[in-house]
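The values are calculated or read from the model by the stated rules, or taken from the named source; none is laboratory data. This structure is a prediction, so every number in the text was calculated from the model and none was measured. Cβ coordinates were reconstructed from backbone atoms using ideal geometry, including for glycine residues, and neighbour counts include every protein chain displayed. Side chains are part of the model used for accessible areas, which takes the heavy atoms of the whole protein and leaves out ligands, DNA and RNA. Shrake-Rupley method; radii C 1.70, N 1.55, O 1.52, S 1.80 Å.
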Amino acid sequence: MISPDKDCRLCALCEGRTNLVLPSGDLDSPVVLVGEAPGENEDQQGAPFVGRAGQILNQAMEDVGLERSRVMITNTVKCRPPNNRDPEQSEMAACRKYLDSELSGRKAIIGLGKSAIRDLMGYEGPMGPVVNTRQYIEINGERILFIPTYHPMACVYRKAAREELRRTLAMVKEEFGL
Ligand code: URA
């Protein structure tokens, strides 16, 4: 796995960075959850999903009995976008070699929300038709199962989205014996 060095200047997100946010959890897990981008808490602490979105993700994992330490968690970009805007295509492209190295050789990748789904699947349509479908994406010449699902923040006021996210997590727990 390769990671940007702490002085990385491959894109303009470096300007507002306090810390790079690198993957956490079981770095050898067969399953990787890919979020969008670090927020303020993540930038401060240098770890993914440690703020509000992380609490919602933790709750969904707890609901289905999947321990967070059994999966690897990362983001499309490793630096916080200004005002938490969506990462731009060019920023995701600049960071993509690191993401590819994180995903290489895994059994399943969970795309949490639109940015991850756009970056990894090239899909820009509505979420409904693709959530919890089994897609295959190519990472370093290898076909890997990709399951699009809702971002934890999309679950705050939407019970149906929360249920779909739980369904995704329950599915990978079962399929990969996590
Ligand atoms: N939202 C994300 O997509 N990733 C994080 O790490 C935190 C919030």
Residue within the range 97-107 that is open to solvent by 60 Å² or more (accessible area, probe 1.4 Å), charged (D, E, K, R) and touching a Phe, Trp or Tyr at 6+ places or on another chain (Cβ under 9 Å) present | yes
Mind listing whichever residues of the range 69-94 are crowded, with 17+ Cβ neighbours inside 10 Å, without any contact (Cβ under 8 Å) to a residue 60 or more places away in the chain and assigned to a helix (DSSP H, G or I)?
-> Met92
Does Ser69 satisfy the criteria of being in contact with a Gly (Cβ under 7 Å, 6 or more places away or on another chain), more than 18 Å from Ile139 (Cα to Cα), more than 16 Å from the ligand (Cβ to nearest atom) and not aromatic (Phe, Trp, Tyr)?
-> yes
Which residues, taken from the range 102-136, are under 10 Å from the mean Cα position of the chain (by Cα) and away from the ligand (no atom under 14 Å from the Cβ)?
-> Ile109
Expected output for the range 17-40 (first residue hydroxyl-bearing (Ser, Thr, Tyr), partner within 12 Å of the ligand (Cβ to nearest atom) and open to solvent by 50 Å² or more (accessible area, probe 1.4 Å), Cβ below 7 Å, 6+ apart or cross-chain) is Thr18/Gln44
Looking at the range 22-48, which of its residues are on the phi > 0 side of the Ramachandran plot and either in contact with a helix residue (DSSP H, G or I) (Cβ under 6 Å, 6 or more places away or on another chain) or not in a loop (DSSP other than H, G, I, E, B) (or both)?
-> Gly25
When the range 163-178 is examined, which residues are found to be small (Gly, Ala, Ser) and either over 14 Å from Val64 (Cβ atoms) or assigned to a loop (DSSP other than H, G, I, E, B) (or both)?
-> Gly177
If you go through Pro30, Pro82, Pro23, Pro48, the only one that is more than 15 Å from the chain's Cα centre (by Cα) and not β-branched (Val, Ile, Thr) is Pro82
Considering the range 24-46, residues that are open to solvent by less than 30 Å² (accessible area, probe 1.4 Å) and within 8 Å of the ligand (Cβ to nearest atom), and then whichever is farthest from Arg80 (Cα to Cα), we arrive at Gly35
Check on Ala160, assigned to a helix (DSSP H, G or I), without any contact (Cβ under 8 Å) to a residue 60 or more places away in the chain and surrounded by fewer than 19 Cβ atoms within 10 Å (Cβ to Cβ) | yes
Given (1) within 13 Å of the chain's Cα centre (by Cα); (2) open to solvent by less than 50 Å² (accessible area, probe 1.4 Å), number of the condition Met153 does not satisfy = (2)
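Quick grid of which residues meet (1) open to solvent by 70 Å² or more (accessible area, probe 1.4 Å); (2) touching a strand residue (DSSP E or B) at 6+ places or on another chain (Cβ under 7 Å); (3) within 15 Å of the ligand (Cβ to nearest atom):
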position	(1), (2), (3)
Arg9	yes, no, no
Leu20	no, no, yes
Pro48	no, yes, yes
Gln59	yes, no, yes
Val64	no, no, no
Subset of the range 111-150 [assigned to a helix (DSSP H, G or I), touching a Leu at 6+ places or on another chain (Cβ under 9 Å) and among the charged types (D, E, K, R)] | Asp119
